[in-house]
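The values are calculated or read from the model by the stated rules, or taken from the named source; none is laboratory data. Computed from a predicted model, the values in this text were never measured in an experiment. Quick reminder, even Gly has a Cβ in these numbers, built from the backbone with ideal geometry, and neighbours come from all protein chains shown. Ligands, DNA and RNA are stripped out before the accessible areas are found, and what is left, the full protein with its side chains, is counted by its heavy atoms. Shrake-Rupley method; radii C 1.70, N 1.55, O 1.52, S 1.80 Å.
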Amino acid sequence: MLVDTFLEYLLLERNYSEKTIVNYKKDLEEFEAFFKDEDLDCKWETVDADIVRQWAVELMSPPQNCKPASVNRKLSTLRTFYKFLLSRDVVLVDPMRKIRGPKKNKVLPVFVKESQMEDLLNKSDFGKDFMGIRNKLIIEMFYETGIRRAELISLNDMDVDLDLKNIKVIGKRNKQRIIPFGSELYEEINEYLDVRNETLGDDCESFFVNKKGKRISANDVYTIVKRELSKVVTLKKCSPHVLRHTFATAMLNNQAELVAIKELLGHKSLSTTTIYTNTTFEKLKKVYKQAHPRA
């Protein structure tokens, strides 16, 4: 009952996405099963920090072997849940107040070099038919705006303002942001719309569509990006998110302010954006080692 009330609160009052709510529900059900197995008399109201720590240890131990990032996400679910219970006076003490999640190794984001992106966009033959022009625009859109795959897929024609040269994006938790674009992308968009409307008619609501006029799928976008990036890089992972990283890294390398990049990417916290500074620092170190005679 408490969990159901909490999930309803997330949906109706906090405007969380259905996918996030499903993940929260799964985390809470897993934790409840754990503490019931430990003590049948244990309830949400009587859970203490020791039980939470035991759960975290079990998650990281065989056979589950959860990574620190996964454990921290589950602990974050519990923190949100107990803040809710405190606000409703269901509990008087928050068992999460003394819990610290496991430290996770900082993985630098993978990105494509600017020279490689220029080769892909200027030298590769995408073709001049509808599919070719659409596929190139998808790569351009990721690279020049840094939007997420889900945001690109959900774009409608009305979200792309050619007069003001910006796109309206609905990001995580339905948060809206406006992303500007330049003249080059403006030309690409116009060319795509002309070919799309000539091929499929001008009654498309979705911006990116397949050859049947239906909204393009997530799998199709992933396949397109992987195929095209593989022409210029040998990265193990060639996903749309790599292009998001590439956008952010290129902005930083060209003296963009971190706060501005945060707003363009739609990050909630600046700490999320700062990981890209580590990427550029790694690049500086590599240049130093290659160039300095005493490195």
*Based on the Cβ-Cβ distance of residue 226 and residue 253, what FRET efficiency does E = 1/(1 + (r/R0)^6) give at R0 = 41 Å, to the nearest 0.05?*
0.95
*For all pairs of alpha-carbon atoms in the range 1-147, what percent lies in each bin of width 10 Å, listed from the first bin to the last filled one?*
9, 29, 22, 14, 15, 9, 2
*With a Cα-only, solvent-free Debye model of the range 6-47, what are the log10 I(q)/I(0) values at q = 0.24, 0.27, 0.31 Å⁻¹?*
-0.78, -0.85, -0.96
*Going by alpha carbons, how many degrees (0 to 90, nearest 10) lie between the helix axis of 130-145 and the longest principal axis of the chain?*
60
*When all C-alpha to C-alpha distances in the range 107-153 are sorted into bins of 10 Å, what percent of pairs does each bin hold, rounded to whole numbers?*
22, 49, 26, 3
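Calculated from DSSP H runs of 4 or more alone, at -39500 (n - 2.57) each and per residue, what is the 222 nm mean residue ellipticity of the chain, nearest 500? All intermediate terms of the calculation are to be shown ahead of the outcome.
Details: 13 runs with 168 residues, N = 295.
Calculated from helices alone, the mean residue ellipticity at 222 nm is -18000 deg cm²/dmol.
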*Let me have the relative contact order for the chain, percent, based on Cα pairs under 8 Å that are six or more residues apart.*
17
*asked:* Viscosity 1.567 mPa s, temperature 4 °C: what is the translational diffusion coefficient of the range 66-213 from Stokes-Einstein with a Kirkwood Rh over Cα pairs, rounded to a whole number of µm²/s?
replied: 68
*Leaving ligands, DNA and RNA out of it, report the carbon-plus-sulfur percent of the accessible area of the chain at a 1.4 Å probe.*
50
*With a point put 7 Å past each Cα toward its Cβ, work out how far residue 42 is from residue 191 in nm, to one decimal.*
6.1
_Within-12-Å neighbourhood charge of residue 185 [Cβ basis; K, R +1; D, E -1]_ = -4
_the range 130-166: trypsin sites (Lys or Arg not before Pro) in DSSP coil with no more than 16 other Cβ atoms inside 10 Å_ = 165
*Any idea what angle helix 218-229 forms with the longest principal axis of the chain, computed on alpha-carbon atoms, 0 to 90 degrees, nearest 10?*
60
_Can you bin every Cα-Cα distance in the chain into 5 Å intervals starting at zero and give me the percent of pairs per bin, rounded to whole numbers?_
1, 5, 9, 12, 13, 13, 11, 10, 9, 7, 5, 3, 1, 0
*Just report the Cα centroid separation between the range 101-155 and the range 162-221, whole Å.*
14
*asked:* Strictly greater than 18 Å: what percent of every Cα pair in the range 135-242 meets that?
replied: 49
*Mind checking which aspartates and glutamates have their Cα closer than 17 Å to the Cα of residue 26? Skip sequence neighbours fewer than 8 apart in that chain.*
4, 8, 18, 37, 58
_Interchain or long-range residues, amide H under 5 Å from residue 209's placed H_ = 216
*Pairing the Cα long axis of helix 2-12 with the longest principal axis of the chain, what angle in degrees results, from 0 to 90 and rounded to the nearest 10?*
30
